[in-house]
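Nothing in this text is a laboratory measurement; each read-out follows from the coordinates by a stated rule. Source: prediction; values computed, not measured. Positions of Cβ are backbone-derived with ideal geometry, glycine not excepted, and every protein chain shown enters the neighbour counts.
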Amino acid sequence: MTTALSDEPARRLGGIGFCALGYSLFSIQDVLVKLLVTTYAVPQVLFFRSLIIIALALAIGGGSGVRSMVHSPNKLALSVRAALMLVAWLSFYSAARHLGLAQLATIYYAAPIIVVVLSVIILKEKVSPLRWACVITGFGGVLLAADPRGQLHLAPAFWALFAAGCWALSVILVRLISRSETTTNQMVVSNLFFLVATACMLPFVWVTPDAMGIVMLIALGFAGGFGQFFLYEGFRTAPASAVAPIEYTGLVWAFFYGYMIWADVPTPQVVAGALIIVCSSLVLIWRERVAARQQQAIAAD
């Protein structure tokens, strides 16, 4: 009993750390995708990414992972989540053709708020006022950093918001499935779905990759695979509403890589928004650490 009391806040804090690491790897993945899609079609990029992630998941899970996947009672839920993720990708890139990056990021980063709302409705999680404040403050930082201006096209805006909703619902499904499903099983099933869907498109979009393309595609698979692994482990050990604000750190990484690779200089408004996002995440981590210490003190008494 004492161990459970003392470990629960620490597990929650560890889950937040796993998610932060996962989102940092996803940012590297986004950089590689942005570089690759100038030469290769999105379905081809996704095909190689999924293939490598499946190989990584099977290597981590081993033979026992394959057996548990075959006998998994969550095949339907895993397939539904994979379909949601694929739809989210397609919707997001469809919207990206018509919306500016600022508008696209602003709409899509509604996802963490949707996660918190769904965690209350579906998971029956108790969301503290501090967590709500972190989510709303982080989204305010996104608005400030993105500085959405100009005419907003309703159809692409809907697709971006739809992508955010699909991703948020997939996050909730991860939380539900993780109660009885291994991380590697989730990785294999979701990426197997991606692999089959994109393989059907390959004959129409195939471009033979050169040596540099192969290296980048492999790196993409590793970044995406380990990013998924750490993110799923984070969702397994921390409430969805607690890790939702950590997704905002991905925007900060995007600004960093944009400057380092494409020499995009952030404006003072972007820097201010990024600071708000980081501070909201740090406040959440600090509060979870305080809770861990308090419960450890209670357990010791």
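Quick rundown of the values:
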| read-out | value |
| --- | --- |
| Spacing of the two label points (7 Å from each Cα toward its C-beta) at Ala263 and Val80, in nm | 5.0 nm |
| Met216, Met187, Met201 arranged by Cβ crowding within 10 Å, fewest neighbours leading | Met201, Met216, Met187 |
| Per-residue Cβ neighbour rank within 10 angstrom, fewest leading, Lys124, Lys34 | Lys124, Lys34 |
| Calculated FRET efficiency for the pair Asp210/Phe158, C-beta based, R₀ 51 Å, to 0.05 | 0.85 |
